[in-house]
Each structure stands twice: as C-alpha cells, then as structure tokens.
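Right, one structure below, let's go through it.
The values are calculated or read from the model by the stated rules, or taken from the named source; none is laboratory data. Quick caveat, the model's predicted, so the values are computed rather than measured. Here the Cβ positions follow ideal geometry from the backbone for every residue, glycine too, while neighbour counts run over all protein chains shown. Side chains included, ligands, DNA and RNA excluded: accessible areas come from the protein's heavy atoms. Shrake-Rupley method; radii C 1.70, N 1.55, O 1.52, S 1.80 Å.
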Amino acid sequence: MSQSEFRSPKGTHDKLPQDHQYMTYIKKAVRHRARQAGFKRIDPPMFEERAVFERGIGNHTDIVEKELFSVGRKGTEEGSDAYALRPEFTAGICRAFIQHGMQELPQPVELYAIGSCFRYDRPQKGRYREFNQFDFEVIGLSDPSLDAQLINVTYQILKDLQIIDRLTLQINNIGTAENRKEYVQALKDYFIGKERNLPELDRARLQTNPLRLLDSKEEDTQILLKRAPTLDQFLSDESKKYHATLLEYLEALGIAYIENPLLVRGLDYYNQTVFEYWDQSTGAQNAVGGGGRYDSLIELLGGKPTPGVGFAGGIERIMWHMKEAGVAPPDKDQVDVFVAQLGPEAKKKCLVLVNELRNLGFHTVGALGEASLKSQMRLADRFQARYALLLGQMEVKEGTIILKDMAAGKQKSMKFEKALPELIKLIGEENLDTYAIRDHLGEFSDPGE
Ligand code: AMP
C-alpha cells in the first residue's frame, strides 16, 4: 500500500521497468522499419504556440476545443495559455518543416517521431491524458503510391509486433476540400428540420464540424444518417481514381483492408486518404493508430502549398494488444552474475571484479554492503541471478573464488583468475551484452577550415 498521499496525476502512468520491456521493443521495431524506408528522426518540442494546433488541427475539433493542455505563465505578456502541450505530432512537424526550409530538400521528406502527447480528455481504459505515439510523415508529394508505402511501413511494424491479426485496416477517401465543402452543405440541408432529433453534442457539431456526425457514437444520429447523403456521392472523378489506385497498390502489397465510407477522422486537415487500424472486437473506440493525407496543412500554417501524408500509432494500446496476444518481448534486464563478498580485502577485489564483469558484458549486481554472506545469497536469489561469485576472507587468502549456479544450487571453488573465463563459457560469448559503436563514425570536419 502506498504510504504517501501523492499519486501520479489522473490519466497518467508511471512507466515501470516491466513496461519498458515493451516500450523499448516497440520503439526498436519502429526505428528499424523507419530506417529501412528512409525516414529520419525529428523531435518537435513538447509544446507549441497554441495557434499551431488551433490553425493546423482546427478550432472545432475535439482535440482543440476540449483537449488541449494549456501551458504558459500567468501575469506575463504571453499569458497563461499562449502555448499548448502537443496533442499529436503532425502540426508541430509541419511547423518545423516550414521553419527549417525543408521544401529545399529532395522531396518527399520522410520524418518520424516518438514521444509523449497530451490530451485533456476524461481518462478511461485506453484513453489517457499523457500517452505515447510514434509518428510518420511523408511531405512534399501527393501520389497514391506514397500513401500505399506509408501504410505498408505501419502494417509491417504491427506485423513485427505480432498484433496485425487482431486488427483491421479501415480505409476511406474523403475527397478534396472542394468535394467536402459540397458534401457538408448537403449534409446541413438534409438535417434542416431534423436538428431537434439530434443529441445536443451532435446538434452543435452540425454547426461547427458536420463531418464529425459521421463517426458519432450516438444511436439517434446514426439512425438519422441512414438516409442522409453520403460522402462518396460527392467525390470528384479525381478523388475516386486516387482511391482506386491506392487500393490497387495495397492489394499488390498483400495488405488486407476494409473500405469504410463512414471513416472521416476527427481533424480538419485531412483530404483524400484516411485510414485507421481498429481492434477487431471493439472497433473505432480503441484504434491503435490512424492517419491520412493532408495536402493543405502546410499552407494553412503559413508555408508554400506542400502536400503530405502521415500516420500516428498509440504505443500504450499496442502494448495492451501485445499483452493480450501473449507477445512477450525479451527480458534484457536479467541479472547474469551476483557478486557477494565478506571482509575489507574481498570487498576491494570485488569492486574491481564487478567492473571487469560489466565491461565484459555480464549484467552484474555487486552486493558490496556489510551484510553476511548468507543474506547476500538470499539477495542473489531475489535478483534472480543466474550465477553468484562469492569471495570470503579465506578465498582471498587462498587466491580462490566460489562460483555458484543459482538454479542448480551447486557451487565449486576455483582459482580466482579462472572465474571470468568459466563464466564466459557458461553464459556464452554471444549472449554477453557488449556495447560497441560499430558504425563508422564520420570524420568531423571543422567548418572553419
Ligand atoms: P488520433 O490521431 O487521435 O487517431 O491518435 C492516433 C492514435 O494515438 C490512436 O489511434 C490511439 O492509438 C492513440 N491515442 C490517441 N489519443 C489517445 C489517448 N488519449 N490515450 C491513449 N492513446 C491515444
């Protein structure tokens, strides 16, 4: 039981060591697939000027209207809500794209990010106030083959993590901004006289962001929508062709998808392709990731018109699926060797020994306190160490050391110098955790020269 009155804030979680086994594994899969596909890492700040999100994501989206965490300082010129914690990555990355003149780079520019995002939502299962996303952005060109390639990268990651079979890829085309404008008008016309049958929240959405009605969870809204005009009736030939080509490419890549005409995604900046990975049993509510094309976002943020397509995956939800599916990442934190000692001479020798063991790549815990050998060995058990080395006063005198196989409970005495080669043999050289910077380090050139 916790003795302190303090808890982690509502909707946040301490990422404990056992969680990091999963986090590290997921990040590794993301980085690996990102590098294979030529994506480079970017880290936009955790907070931005509030307007970046307001303008980018849209003032009348849930994320901006209800979920932004304000940051700032009361009494300053900027005010207490000049900034907001990032609720997602795309707007910040596009702001960075413009700021750093990335339109001069070879296009498309492929960027990825991993980190926490913040939404002031009512916390519930799978919906937190601080959560982690990985994010991919492909900026500079508009072509269905780029959408297909991006979807493929995300698909491969979910496959690597062994959860793709639990998910369905939902995909839709929401057309150009023009197409949507006409559709929104038709939707508004359809609801004239029917507003009072809409739940209050959706009645407001009809005014501010009518497309949100399509993925409304309200039953009354869904009933009314059955007879409403549908978005696909308003798609231009260009949008239809774009979509058909994308689906062809996905088929060529062997990616299974479900066409979902009601999928719009909540944010203003999307056009053409939108897609989400849904949990097969709970559907939209627990999507593990989603994305789409955003050809007007960069212009909205003040840059030259530059198209883009992106994806964000939710790491906590992926972790949950991995646990449900029984996918266990390897435990990289296990203790190979526990070193126990008694007496000042032994302690000094062990200090050096522990250092040597670690440098050789053994995960080593040294109990260098003053406890009895017996209680140190109990500790070795609790650390679940595979082997223990014991050095008492007698061993120091004789130049020996005791090696104990913890699982077998067997021990033997040997010459002190023999301990390391013996342990290498037992654990196997290939299993040692050696850290080597193998990559060729480019030579630093002084720009002044
Ligand atoms: P979105 O762009 O809002 O669809 O977010 C992309 C992904 O991030 C979602 O599919 C979720 O997996 C994850 N996500 C979004 N909001 C939250 C949240 N509040 N808590 C946990 N995960 C979230």
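Report, for the chain, the % of DSSP beta bridges that are antiparallel, rounded to 5.
Counting only bridges with both partners in the chain, antiparallel ones make up about 80 percent.
Peptides 322-331, 392-401: what's the order by average Cβ count within 10 Å, highest mean first?
392-401, 322-331
What percentage of the solvent-accessible surface of the range 118-169, computed with a 1.4 Å probe over protein heavy atoms, is contributed by carbon and sulfur atoms?
Percent of accessible area from carbon and sulfur atoms in the range 118-169: 41.
In whole angstrom, note down how far apart the Cα centers of the range 371-397 and the range 49-96 are.
The two parts, judged by their Cα centres, are 55 Å apart.
Modelling each spin label as a point 7 Å along the Cα-to-Cβ direction, I'd like the Asn59/Gln3 distance in nm, to one decimal.
Spacing of the two 7 Å Cα→Cβ label points: 5.4 nm.
Suppose all protein chains stay in the model; what accessible area per residue would a 1.4 Å probe give for the range 337-436, in Å²?
60 Å²
When the distances between all Cα atoms of the chain are binned every 20 Å from zero, what whole-number percent does each bin get?
20, 43, 25, 11, 1
Taking only Cα atoms, what is the 0 to 90° angle, nearest 10, from helix 344-360's long axis to the longest principal axis of the chain?
Rounded to the nearest ten degrees, it is 40.
What is the percent carbon and sulfur in the accessible area of the range 337-436, measuring with a 1.4 Å probe over the protein chains and ignoring ligands?
For the range 337-436, the apolar C and S fraction of the accessible surface comes to 54 percent.
Just the accessible area per residue of the range 127-259, please: how many Å² with a 1.4 Å probe?
That works out to 49 Å² per residue.
Checking the table Lys28/Lys347; Lys10/Lys332; Lys347/Lys415; Lys15/Lys74 against a 27 Å threshold on Cα-Cα, which pairs fail?
Beyond 27 Å: Lys28/Lys347; Lys10/Lys332; Lys15/Lys74.
For the range 1-66, which whole percent of the accessible surface, found with a 1.4 angstrom probe, sits on carbon and sulfur atoms?
Looking at the range 1-66 in its full context, I get 50 percent from C and S.
If packing is taken as the average count of other Cβ atoms within 10 Å, what order do 157-163, 212-218 fall into, highest mean first?
157-163, 212-218
With a Förster radius of 30 Å, plug the Cβ-Cβ distance of Ala408 and Glu324 into 1/(1 + (r/R0)^6) and report the FRET value to the nearest 0.05.
Calculated value: 0.30.
What lysines could a cross-link reach from Lys188, if we take a straight Cα to Cα line under 26 Å and drop same-chain neighbours fewer than 8 places away?
Partners found: Lys66, Lys217, Lys226, Lys240.
How tilted is helix 237-252 with respect to the longest principal axis of the chain? Cα atoms for both, answer in degrees (0 to 90, nearest 10).
30 degrees
So what is the calculated 222 nm ellipticity per residue for the chain, using -39500 (n - 2.57) for each DSSP H run with n of 4 or more, over all residues, to the nearest 500 deg cm²/dmol?
My calculation for the chain gives -11000 deg cm²/dmol from helical runs alone.
What do you get for the angle between helix 315-324 and the principal long axis of the chain? Use alpha-carbon atoms, 0 to 90 degrees, nearest ten.
70 degrees
Could you tell me the distance between the Cα centroids of the range 214-264 and the range 353-369, to the nearest Å?
Centre-to-centre (Cα) distance: 59 Å.
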